Amino acid sequence: MKENIYDPIPGSTIFRGISNQKTIVMAANTRIATVAKGIFKAAKDTDSAVFMELARSECDLKGGYTGLTPKDFSERMKEAARDVQFDIWALHADHITIKTGDTKEIEGTRQLIDAQINAGYTSFAIDASHLFNFEGKNVREELEPNIRATTELALFIKGRMKGRDFGLEVEVGEIGRKDGHGLILTKPKEAVEFISALHENGIHPHVLAIANGSTHGHTYDENGNVVEQLSIDIPQTKAIAQALRDNNLNVGIAQHGITGTPRDLINLHFPKGDIIKGNVGTFWQDVVFTTLKVYQPVLYKEIQEWTLAKYRAANPGKKDSQIFDGNCKFAIKEFFKDLYAVDEDTENAIQAMAYAESLVFFKAFGSYGSASRVRKAVANNRP
Ligand SMILES: [Zn+2]
């Protein structure tokens, strides 16, 4: 039961509400939670459904690199939603990553999921895409370790949710993985084989993350300058969506690593409705740091110096700007108190910027009006 009408709703409810629409739901990784109020306010004003999420690396039982445990994250997101009075959102566990699949890792993962469920999460992304059998004789054999780990954890979540609905995202093809020729992309056959196998195991995910040419974080040129990300392979993404549809697999695509992709390109060329969830993470961190640079120059300089002192040695030959850009996320925990104790002017500026940028994302994603469609779907489902 929802304790409050502004508490998160099941991710599955949102996916049902937007099915067969040209809509991508934004999933915001709010590493510094201050941006959440601006995002929720924009969601409310544009009537857009939204996900709030953090990955395992960002938020775990020890606080991840953001300093937030699942309970802390949940409380901050709920508080922001209540302040703004926004109701159509899901609390999502992004990248519950499995890297080895051994007993110890699975056990730690179960503890994390338990904490997320106790904190009121309503949606989960199992990412066992690192598990790949390179000796497999066919696609099914190659994907077998991923299928096994994903099934095990999905069943665990289902059991722990005790009949409550939840959103489920799974992943095939490691995002950002490269070989000698560049980024490795997921093939339509792999996506179909993976989801079919999960169905056979009684697992029916709503959304599938694929490797389609994006990377997490910023994209750099050969000189280490941040550049636009133009690498998402749209024809391949459409081909995967079509293959899934042809096989009646009823699953949408999650686009990870959107930061840096021009929003006019998203607006005009992303296959909305094939892609149904769009993750935006680093972008929100940029909003905070861009604001701090002007409003809190002393704090900003301290963060910069700490990051460079800590990460310069491990990045020989790289420019300071790129070292800072790539590693400033690790300063969030170190400067946690300062980041959450900024004055009202700074907070207002961060939230206003998060608000304006969210408007542009919701527009580019075709999200306007999606919250009402979800509300309608909820009403129609009532007995
Ligand atoms: Zn991701």
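Coordinate-derived values only; no laboratory data. Since we're looking at a predicted model, the values are computed, not measured. Heads up, the Cβs are rebuilt from the backbone with ideal geometry, glycines too, and the neighbour counts pull from every protein chain shown.
Pairs spanning more than 32 Å between alpha-carbon atoms, out of Lys71/Lys376; Lys104/Lys272; Lys71/Lys189; Lys37/Lys104; Lys78/Lys333: Lys104/Lys272; Lys71/Lys189; Lys37/Lys104.
Please give me, ordered by residue number, the trypsin sites (Lys or Arg not before Pro) of segment 31-72 that lie in loop per DSSP and have at most 13 other Cβ atoms within 10 Å. Present the calculation step by step, with values, prior to reporting the outcome.
Working: sites: Arg31, Lys37, Lys41, Lys44, Arg56, Lys62, Lys71; in loops: Arg31, Arg56, Lys62.
The qualifying sites are Lys62.
Note that the chain shows a convex hull volume over its alpha carbon atoms of 143 Å³ per residue. Look at where the Cα atoms of segment 138-158 and of segment 224-281 average out, and the two centres are 24 Å apart. Zone of Phe134 (label point 7 Å along Cα→Cβ, backbone N under 14 Å): which residues in segment 188-231? Residues passing the 14 Å test: none. Computed from phi, the 3J(HN,Hα) profile of segment 28-37 under the Karplus parametrisation 6.51, -1.76, 1.60 (θ = phi - 60°) reads 9, 8, 8, 4, 10, 5, 4, 6, 4, 4 Hz, with x in place of Gly and Pro.
Among the listed pairs Lys41/Lys329; Lys158/Lys277; Lys310/Lys363; Lys277/Lys318, those with a Cα-Cα distance over 32 Å are Lys310/Lys363; Lys277/Lys318.
Compute the signed sum of charges (Lys and Arg +1, Asp and Glu -1) over the other residues within less than 14 Å, Cβ to Cβ, of Leu299. Show your work: numbers first, answer last.
Details: positive: Lys293, Lys301, Lys337; negative: Glu302, Glu305, Glu334, Asp338, Asp343, Asp345, Glu347.
That works out to -4.
A DSSP coil position with no more than 13 other Cβ atoms inside 10 Å describes the following trypsin sites (Lys or Arg not before Pro) in segment 160-201: Lys162, Arg164. Whole angstrom only: what separates the Cα centroid of segment 1-29 from the Cα centroid of segment 346-361? Measuring centre to centre over Cα atoms gives 21 Å. Taking 4 °C and 1.567 mPa s as conditions, segment 125-206 diffuses translationally at an estimated 97 µm²/s according to Stokes-Einstein applied to its Kirkwood radius (Cα pairs).
Which trypsin sites (Lys or Arg not before Pro) does segment 290-352 hold that lie in a coil by DSSP with at most 13 other beta carbons within 10 Å? Present the calculation step by step, with values, prior to reporting the outcome.
Working: sites: Lys293, Lys301, Lys310, Arg312, Lys318, Lys319, Lys329, Lys333, Lys337; in loops: Arg312, Lys318, Lys319.
Here the trypsin sites (Lys or Arg not before Pro) that fit, given the DSSP loop and packing criteria, are Lys319.
Residues whose amide H lies under 5 Å from that of Phe51, counting only those 5 or more places away or on a different chain, are Met26, Ala27, Ala28, Ala90; hydrogens are built 1.01 Å from N in the peptide plane. Can you give the log10 of the normalised intensity I(q)/I(0) at q = 0.17, 0.19 Å⁻¹, computed with Debye over equal Cα scatterers of segment 1-116? Cα-only, vacuum Debye calculation for segment 1-116: -0.84, -1.01. Amide H to amide H distances under 5 Å link Gln255 with Ile276, Lys277, Gly278, Asn279, where only residues 5 or more positions off or on other chains count and H is placed in the peptide plane.
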